[in-house]
Amino acid sequence: MLSSGTPAYIIEETKLRRNLQLIADVARRADVEIILAFKAFALWKTFPVFREYIRSTTASSLSEARLAAEEFGTKAHTYSPAYTDGEFDQIVACSSHLTFNSLSQYERFHNRVGEQVSLGLRVNPEYSEVETLLYNPCAPGTRFGVTADKLPATLPADIEGFHCHCHCESGADVLQRTLVHIEQRFSAWFPQLKWLNLGGGHLMTRKGYDVELLVSLMQGLHERYPWLKIILEPGSAFAWQTGPLVSHVVDIVEDKGIRTAILDVSFTCHMPDCLEMPYFPEVRGALHTDASALPAASGVVYRLGGNSCLSGDFMSAWAFDHELQVGEEVIFEDMIHYTTVKTNMFNGISHPAIVMLHSDGTREVLRQYGYEDYRSRMD
């Protein structure tokens, strides 16, 4: 049982299945394979649900590759910016596909891979519409992928695929424009390949996403290159809008007319993308407003502050229709993707529990955290 007042991420099974059904339908209609990227969502206790709709996952580390093989039950499509000597053989054992980030990594490691693993190269189309540089894999000086001018006319015989990732929560229209650049730069090598992985960032479960355009684009690729297997590996799309982070007001402080509601969760620890992107999450029952409204006399505009010692662990400002009280819930919507995989235990502050709200209305506590979890990280 989860004690009252415990912060928690709550995954709603009904909403998760809604996304999975849409993704499975797209995969069927477009004749592509859509796989789960662990970098956005890796809660393995939900994998029995995922396995009803998809067959494979994608990993970027030994731990993720092991999670695919041991918990999801199938070997991973693995890509890493740089494989290390001590982990490489274990990664190979957990992988069905393995993509090299550079030709030098390929030269160093490819002879250690057996025929049972399909090898690929990550390529860089030198085009991306991701505006935030922190998330733009094609920004100048990027460490990701091989540009067309560096590829030999004839690929190594054991290279069977290209991997290209240059989207972030993007629409199908962005993919349409990106494909022009990918094909212009790399289609000359397509006859030498068996598969093309178009990476993640395809937010097909977002309201307003043009699913029909996505299906049409994939069908067009099949018409032009019928021998290529097309793979998509979104992360956010699977867990998009599948549940909130429930927090509680611990204290309310005021300085220079700015009222801050301090919560029992932390932006830097539990919602890091809010500060990194940055973006303002939706708060249930509140309206995000301009920061200039903070010294308002109405008494309902608050800055929301985390409970870590980082001075910048806050965001502003939200207008509520009433004055907040200590102990009251503050609920951050859409906090399942790119949260639990990126949280940390800075300051040793309490980590939110992870709860599954099943379709029949019952709640299952998947994980609770305590002192031993923090201590073991320092061991």
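The values are calculated or read from the model by the stated rules, or taken from the named source; none is laboratory data. The structure presented is a predicted model; accordingly, all values stated were derived computationally and were not measured. A quick note on method: Cβ atoms are made from the backbone with ideal geometry, for glycine too, and the neighbour counts reach across all protein chains shown. The area values use the complete protein model at the heavy-atom level, side chains included, leaving out ligands, DNA and RNA. Shrake-Rupley method; radii C 1.70, N 1.55, O 1.52, S 1.80 Å.
Assuming Asp89 fulfils every condition listed in (1) surrounded by 17 or more Cβ atoms within 10 Å (Cβ to Cβ); (2) without any contact (Cβ under 8 Å) to a residue 24 or more places away in the chain apart from one, which condition is it?
In the conditions (1) surrounded by 17 or more Cβ atoms within 10 Å (Cβ to Cβ); (2) without any contact (Cβ under 8 Å) to a residue 24 or more places away in the chain, Asp89 misses (1) alone.
Looking only at segment 54-86, count how many residues are more than 16 Å from the chain's Cα centre (by Cα) and under 19 Å from Phe144 (Cα atoms).
5
Give the residues of segment 320-376 that are closer than 13 Å to Cys269 by Cα and in contact with a Lys or Arg (Cβ under 7 Å, 6 or more places away or on another chain), sorted by residue number.
Of everything in segment 320-376, those that are closer than 13 Å to Cys269 by Cα and in contact with a Lys or Arg (Cβ under 7 Å, 6 or more places away or on another chain) turn out to be Val341, Met345.
Could you tell me whether Val32 is out of contact with any Ser or Thr (no Cβ under 6 Å at 6 or more places or on another chain) and open to solvent by less than 10 Å² (accessible area, probe 1.4 Å)?
No, not satisfied.
Of the numbered conditions (1) closer than 30 Å to Glu328 by Cα; (2) in contact with a His (Cβ under 8 Å, 6 or more places away or on another chain), Leu16 fails exactly one; give the number of that condition.
(2)
Quick one: Cys138 ticks every box in (1) open to solvent by 10 Å² or more (accessible area, probe 1.4 Å); (2) closer than 17 Å to Ile159 by Cβ; (3) touching a Phe, Trp or Tyr at 6+ places or on another chain (Cβ under 8 Å) bar one, so which box is it?
(2)
For the subset of segment 254-278 comprising residues that are modelled with pLDDT under 90 and closer than 24 Å to His337 by Cα, which member is surrounded by the fewest Cβ atoms within 10 Å (Cβ to Cβ)?
Pro278
What's the number of the condition Pro278 fails, among (1) closer than 23 Å to Tyr369 by Cβ; (2) part of a loop (DSSP other than H, G, I, E, B)?
(1)
Find all pairs meeting these conditions: Cβ atoms under 6 angstrom apart; at least six residues apart or on different chains; first residue within segment 117-143 and on the phi < 0 side of the Ramachandran plot and of a type in the set (A, V, I, L, M); second residue part of a loop (DSSP other than H, G, I, E, B) and at pLDDT 85 or above.
Close Cβ pairs satisfying both conditions: Leu119/Asp158; Val123/Gly145; Val123/Cys164; Val130/Cys168.
Take the residues in segment 169-188 that are assigned to a helix (DSSP H, G or I) and in contact with a strand residue (DSSP E or B) (Cβ under 7 Å, 6 or more places away or on another chain), then tell me which one is surrounded by the fewest Cβ atoms within 10 Å (Cβ to Cβ).
That would be Phe186.
With a cut-off of at least 1 residues that are touching a residue at least 60 places away in the same chain (Cβ under 8 Å) and open to solvent by less than 20 Å² (accessible area, probe 1.4 Å), name the strands (runs of 3 or more DSSP E) lying wholly within segment 309-379.
329-332, 353-357, 363-367
So which residues in segment 13-28 are open to solvent by 40 Å² or more (accessible area, probe 1.4 Å) and under 19 Å from the mean Cα position of the chain (by Cα), if there are any at all?
Residues satisfying the conditions are Lys15, Arg17, Arg18, Gln21, Leu22.
Consider Glu52 carefully, then state whether it is open to solvent by less than 40 Å² (accessible area, probe 1.4 Å), over 17 Å from Ser236 (Cβ atoms) and not aliphatic (A, V, I, L, M).
Taking the combined requirement at face value, the residue does not satisfy it.
Considering segment 190-248 alone, what residues qualify as being hydroxyl-bearing (Ser, Thr, Tyr), in a loop (DSSP other than H, G, I, E, B) and crowded, with 22+ Cβ neighbours inside 10 Å?
Within segment 190-248, Thr205, Thr242 meet the criteria.
The rows are residues; the columns are (1) farther than 26 Å from Val215 by Cβ; (2) touching a helix residue (DSSP H, G or I) at 6+ places or on another chain (Cβ under 8 Å); (3) among the aliphatic types (A, V, I, L, M); (4) free of Cβ contacts under 8 Å to residues at least 12 places away in the same chain.
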site	(1), (2), (3), (4)
Ile10	yes, no, yes, no
Arg17	no, yes, no, no
Leu20	no, yes, yes, no
Ala24	no, no, yes, no
Arg28	no, no, no, yes
Glu33	no, yes, no, no
Ala40	no, yes, yes, no
Thr46	yes, yes, no, no
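Taking Arg303 as meeting all but one of (1) within 21 Å of Val365 (Cα to Cα); (2) surrounded by fewer than 20 Cβ atoms within 10 Å (Cβ to Cβ), write down the number of the exception.
Answer for Arg303: the failing condition is (1).
Hey, Arg108 hits all of (1) surrounded by 20 or more Cβ atoms within 10 Å (Cβ to Cβ); (2) more than 23 Å from Leu175 (Cα to Cα); (3) over 20 Å from the mean Cα position of the chain (by Cα) but one; which does it fall short on?
(1)
Being touching a residue at least 12 places away in the same chain (Cβ under 8 Å) and under 24 Å from Leu16 (Cβ atoms), is that true of even one residue in segment 248-264?
no
Checking the condition hydroxyl-bearing (Ser, Thr, Tyr) and open to solvent by 70 Å² or more (accessible area, probe 1.4 Å), which residue from Ser80, Ser63 passes?
Sole residue among the options that is hydroxyl-bearing (Ser, Thr, Tyr) and open to solvent by 70 Å² or more (accessible area, probe 1.4 Å): Ser63.
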